[in-house]
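Just below is one structure, and these are the notes that go with it.
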Amino acid sequence: MFGRLILYGALALALGIVVVSACGPQPDVASSRTPAPTVSASRSISSTTAPSASATARASATTTAAPTVTPSPQSSPAAVCPRTTGGNASNQAQLVAVRVAHQPGFDRLVFEFGQSTAPGPFGMPGYSVETTNSLSGPSGQPVTITGSALFGARFQNASTQNPNGTPSYTGSNDIKSTTPLIKEVKIVEDFERVLLWGVGLDHLACPKVSELAGPFRVVLDFPTPP
């Protein structure tokens, strides 16, 4: 009997110890963990800004306006008036008349052409009108023409002489004009159906060149004061 009491007392003591252990404070698992390192959401990015184009490549070309050339005595003709061409180099024609006259606002020079018996189609011959400093004939010797500015009017497959040797043009080969601007119109070359006339002006002025038909004519209008 006494032994049972001792056994029951031992069991009661062990049970009390277990209960007390269960009711005591438990370890905080979260607090015992080592906190993970915090990663900052904003990264510090070191970037180098590229230099602007204006800082590295500045415009080095400067546009310079072309000088304005005013026609005047002793001007360089080629610097002012463009070369004018027209007609057809395969056409054949005979020069039949050269006329100079003054109209209000311009001096007019007309080269008129007629039918030719030279082989080839009849029509406006090929021509060019341009400024020059001098004109020379087949001999290479310069031809003197009155004026401060000089133009050459050249015609291909044209002549003052018909293929049979008779003249198609019976006018003057050296026209001294009394018009305000045109001072002299003179034949420079008439050789192997290449015809060249020189036009001397009082001062430089660029002509308006026109073609007319019925009959075929090349018209040069040089502007003058009205």
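Considering every Cα-Cα pair within the stretch 86-226, what fraction, in whole percent, is farther apart than 26 Å? Please report the intermediate quantities before stating the final value.
Working: 1886 of 9870 pairs.
Summing the P(r) of the stretch 86-226 above 26 Å gives 19 percent of all pairs.
Compute the length gained on full extension between Arg99 and Gln141: take 0.36 nm times their separation in residues and subtract their Cα-Cα distance, giving the result in nm to one decimal.
On the way: separation 42, 0.36 × 42 = 15.12 nm, distance 2.62 nm.
Taking Arg99 through Gln141 to full extension adds about 12.5 nm, to one decimal.
At a Förster distance of 30 Å, what's the computed FRET efficiency of Thr170 paired with Lys208, Cβ-Cβ distance as r, to 0.05? Working shown, then result.
Numbers: r = 28 Å, r/R0 = 0.94.
My answer for the efficiency is 0.60.
Long-range amide H contacts for Gln161: which residues qualify at under 5 Å (H placed 1.01 Å from N, peptide plane, sequence gap of 5 or more or a different chain)?
For Gln161, the qualifying residues are Ser168.
Under a plain spin-label model, where a point goes 7 Å from the Cα along Cα-to-Cβ, how far apart in nm are Val194 and Ser148?
3.2
On full extension of the chain, what length is gained from Arg83 through Ser128, given 0.36 nm per residue of separation minus the C-alpha to C-alpha distance? Intermediate values should be presented prior to the final figure.
Working: separation 45, 0.36 × 45 = 16.20 nm, distance 0.70 nm.
Here the segment from Arg83 to Ser128 would lengthen by 15.5 nm.
Amide H of Asn91: which non-local residues (sequence gap of 5 or more, or other chain) have their own amide H closer than 5 Å, using H built in the peptide plane?
When sequence neighbours closer than 5 places are left aside, the close amide H contacts are Gly126.
When the distances between all Cα atoms of the stretch 159-213 are binned every 10 Å from zero, what whole-number percent does each bin get?
Here the calculated profile for the stretch 159-213 is 20, 41, 33, 6.
Calculate one ³J(HN,Hα) per residue across the stretch 160-166 by plugging θ = phi - 60° into the Karplus curve 6.51 cos²θ - 1.76 cosθ + 1.60, and present them in order as whole Hz with x for glycine and proline.
8, 10, 5, x, 8, x, 7
Report the full-extension gain for the segment Val219 to Val110: residue separation times 0.36 nm, less the Cα-Cα distance, to one decimal in nm. The partial results should precede the final answer.
Values: separation 109, 0.36 × 109 = 39.24 nm, distance 0.46 nm.
Gain in length upon complete extension: 38.8 nm.
Quick note: the coordinates plus some simple rules give every number you see, no bench work behind them. As the structure is a computational prediction, the values presented were derived from the model and not from experiment. Please note: Cβ atoms are built from the backbone with ideal geometry, for glycine as well, and neighbour counts cover all protein chains shown.
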